[in-house]
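Everything below concerns the one structure shown next.
The values are calculated or read from the model by the stated rules, or taken from the named source; none is laboratory data. None of the values given here were measured: they were computed from a predicted structure. Neighbour counts run over all protein chains shown; Cβ positions are idealised from the backbone, glycine included.
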Amino acid sequence: MGRIHPTAVVDPRAELAADVTVGPYAIVEPGVVLADGCELHAHAVVRGPTTLGPRCVVHPFAVVGGEPQAKRHAGGPARLVGWMDGPVLALSLPGAAPAGDRPGLAMVSVEAE
């Protein structure tokens, strides 16, 4: 098992690779799969069912998974529509600026089914 801070809450039904890092007060719910090298910073939340690929980083206070927050997606499950392999996970939000020249930023887009 990787490094899991003593204040982190990791459900025993979650699947964590050997070298995952889970920071202080982070939460990992049942149905979550974290691949090699994933890193959850302080107060990050990963809700199930969610799978994060290798070397994903979830920054402080980010929530990945769960119900979409945009009202136009209310009630429908989100699905991954695009992904680039990289060391950092970021969400593509409507109206948000693109990653542009920020190296190492992987963009992900989710939409309601």
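Evaluated against (1) crowded, with 18+ Cβ neighbours inside 10 Å; (2) modelled with pLDDT of 95 or more, V57 falls short on exactly one condition, (2). Contact annotation: residue pairs with Cβ atoms under 7 Å, 6 or more positions apart or on different chains, pairing a residue in segment 1-19 that is of a type in the set (S, T, Y) and surrounded by fewer than 16 Cβ atoms within 10 Å (Cβ to Cβ) with a partner that is in a loop (DSSP other than H, G, I, E, B) and modelled with pLDDT of 95 or more, are T7/P24; T7/Y25.
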